[in-house]
Amino acid sequence: MEDEVSNRTEALLIATVTALAKNEIAAALSIDPKVVSKSLGILKKRYENTSLELKMIGRKYKVGVRDKYSDLAFKYSESEISKGELEIIGLLFRKGKTYISHVERLRGKKTEEELDHLGKLGLVEIIPRGRRRLVKLTRTFFQKYGKELKERVKQEEKVPS
């Protein structure tokens, strides 16, 4: 029974784009949250000597590739982020936070759809400010991609113009 629950938990965590909290996993699988905790322990142990790991992002969980193997995996994976979404991320990375109207002027009609997708991935946050809305990169974004971005920026600074 434990193996079946662990397998279902594993399938859920691999299939989802965003990390899930224990109560979200319990609700999706219709099981007790205590059983989810046991299942997560089994998965953590299962991945000890593999290229995969059970990642904890805040209080949420996701199955992912270990950092040691991420360059290889990323090189051959299809990106879950479109080119337009990458442009939005680049803008936010440079500016910090900005109004959605500013992003729309630069990106056009698909901005809302792209921001919605980035929000579902947990990479951007939209903050209401009166009649306007600010958008900024989240802590999850920096946990996932911050180290990699810092390395790329350092490498680009070394290259003479």
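For this structure, a couple of remarks:
- Extension gain for Ser37 to Arg139 (0.36 nm times residue separation, less C-alpha to C-alpha distance): 34.3 nm.
- Residue of Thr50, Thr16, Thr138 that the Gaussian network model of the chain assigns the largest fluctuation, springs spanning Cα pairs under 10 Å: Thr50
- Between helix 33-46 and the chain there is an angle of about 90 degrees, using the helix long axis and the longest principal axis of the Cα atoms.
- Taken one residue at a time, the phi angles of segment 135-146 give Karplus couplings (6.51, -1.76, 1.60, θ = phi - 60°) of 10, 8, 6, 9, 4, 4, 4, 5, 5, 6, 10, x Hz. Gly and Pro are set to x.
- Taking the C-alpha atoms only, the angle from helix 2-15 to the longest principal axis of the chain is near 10 degrees.
- The chain: most fluctuating residue of Glu125, Glu114, Glu87 per GNM, C-alpha cutoff 10 Å: Glu87
- Paramagnetic label reach from Val17 (point 7 Å along Cα→Cβ; backbone nitrogen cut-off under 16 Å): within segment 110-128, residues 110-126.
- Residue-averaged [θ]222 nm for the chain, counting only DSSP H segments that reach four residues, each worth -39500 (n - 2.57): -19000 deg cm²/dmol
- Amide H to amide H distances under 5 Å link Thr98 with Val135, where only residues 5 or more positions off or on other chains count and H is placed in the peptide plane.
- For peptides 60-68, 41-49, sequence by mean Cβ density within 10 Å, most packed first: 60-68, 41-49
- Taking the C-alpha atoms only, the angle from helix 111-120 to the longest principal axis of the chain is near 30 degrees.
- For Leu52, the amide hydrogen comes within under 5 Å of the amide hydrogens of Arg66, counting only partners 5 or more places away or on other chains and with H modelled in the peptide plane.
- Extension gain, Arg132 to Lys109: 0.36 nm times the residue separation minus the Cα-Cα distance gives 6.6 nm.
- Links that overshoot a 24 Å alpha carbon limit, given the list Lys55/Lys97; Lys38/Lys144; Lys22/Lys45: Lys55/Lys97; Lys38/Lys144
- One decimal place: the segment Ala28-Leu86 gains 17.8 nm when fully extended, by the rule 0.36 nm per residue minus the C-alpha distance.
- Rg and Dmax, both from the Cα atoms of the chain and both in Å, are 18.4, 61.
Read the figures in this text as sums done on the coordinates, not as results from a lab. All figures in this text were calculated on a predicted structure; none of them were measured in a lab. Neighbour counts are summed over all protein chains in view; Cβ atoms, including those assigned to glycine, are modelled from backbone coordinates with ideal geometry.
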